[in-house]
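Novice: My questions will all concern the structure given below.
The values are calculated or read from the model by the stated rules, or taken from the named source; none is laboratory data. Being a predicted model, the structure only gives us computed values, none of them experimental. Neighbour counts are summed over all protein chains in view; Cβ atoms, including those assigned to glycine, are modelled from backbone coordinates with ideal geometry. For accessibility, only protein heavy atoms count, side chains too; no ligands or nucleic acids. Shrake-Rupley method; radii C 1.70, N 1.55, O 1.52, S 1.80 Å.
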Amino acid sequence: PGVSLTTLPSCSAPTASVVSNLTATTADLSWTASISAPANGYLWEVRTANAAGSGAVGLASGGSAAAGVTYAQATGLTANKKAIFYVRSNCGGGDSSAWTVADAFTTPCNASDVPYFEDFSAVTVPALPACMSRQTISGNLWTTANAPIAGMTAPAARISYTGGGSPVMDSWLYTAGLNLIGGISYQLTYKYGNNSTSYTESMSVSYGTGAAEANMTNLLVDHATINDNTLHIDTLNFTPATSGVYYIGFKCYSISNQYYLFVDDINVILTPSCYSPVASYWIAPDCSNSQYYVNVDLT
């Protein structure tokens, strides 16, 4: 058999690469220093395609760190995009260590401006829309399903029982991040309901500054008893105290061994100052002086 000789790198690779503090376009990168303390520091890449060190195609961001520095920031990334972080020691003289084991991540979505509307029509069941998220503390995940209750257009968001014994639910569904202005009133509308009169679902709706239960500090409404197999449409107003990115969370907290709970057509708009016609009469408001003119159809 032939003999193959391989020249080993003159320095060892760093370890424990970490990606943190993600935004839609940036990521903080860190790693544990190489035991060989390379005099020329480190080289790093964030890639969306192709192998580390393979060139410009698929390279989203890249750079170097000086000797003794074990962090960097990737910039110019694309929102809602899968990427991989690599780092290696720069031994000097054109020699480098092997790249570290890939650390994969996905950048978050850009926050959405209002109006915001999600009807789940673009998903492939059971996936959620790309910029929505979920958090399951106990019980089952929110997904999407093609057979919601009457009045909902499939697909819709759904949380489901488990055959053979369903756990107590503590499971959240979050909207995309929303750019909201402090002191401005917003209107949230959504459809919800269960699929049975024999089982009772429970759901609260809150909003806060992050897609996590700890950030859902503003309770909007609590639907403690949902058990009529009927479509409900809820509309409510809320006013954030300060400007920023906010998330609306739908929390299923049903007891064990229930059935299906659905949410659909989530809509956030500026609270209207004038309202649309209703039933057989219409109201024509003069919004400049708060006068309302009513024309009743008596036919």
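Novice: Determine the shape class of region 24-88: with a ≥ b ≥ c the square roots of the Cα gyration tensor eigenvalues, call it rounded for a/c under 1.5, and otherwise prolate if a/b is greater than b/c, oblate otherwise.
Specialist: Since a/c reaches 1.5 and a/b is larger than b/c, the shape of region 24-88 is classed as prolate.
Novice: In whole angstrom, note down how far apart the Cα centers of region 146-201 and region 88-138 are.
Specialist: 24 Å
Novice: Would you rank Arg88, Arg134 by solvent-accessible area, highest first, keeping every protein chain in place and using a 1.4 Å probe?
Specialist: Sorted descending by solvent-accessible area, the residues read Arg134, Arg88.
Novice: Under 10 Å from the Cβ of Thr189, count the other residues' Cβ atoms, weight Lys and Arg +1, Asp and Glu -1, and hand me the total.
Specialist: Here the charged neighbours net out to -1.
Novice: Can you give the local net charge around Trp31? Use residues other than it whose beta-carbon is closer than 14 angstrom to its beta-carbon, Lys and Arg +1, Asp and Glu -1.
Specialist: -2
Novice: A follow-up question, please. Can you bin region 66-140 into rounded, prolate or oblate? Criterion: square roots of the alpha carbon gyration tensor eigenvalues sorted a ≥ b ≥ c, rounded for a/c under 1.5, prolate for a/b above b/c, oblate for the rest.
Specialist: Prolate, because a/c is 1.5 or more and a/b exceeds b/c.
Novice: Tell me, what is the percent relative contact order of region 49-163, built from C-alpha pairs under 8 Å that lie six or more residues apart?
Specialist: 16 percent
Novice: Report in % the part of the accessible area of region 74-230 that belongs to carbon and sulfur, leaving out ligands and nucleic acids; probe 1.4 Å.
Specialist: After summing per-atom areas, the C and S share lands at 49 percent.
Novice: Out of every Cα-Cα pair in the chain, what percent are more than 34 Å apart?
Specialist: So the portion of pairs separated by more than 34 Å is 44 percent.
Novice: Net charge near Trp142, counting Lys/Arg +1 and Asp/Glu -1 over other residues with Cβ under 9 Å of its Cβ?
Specialist: +2
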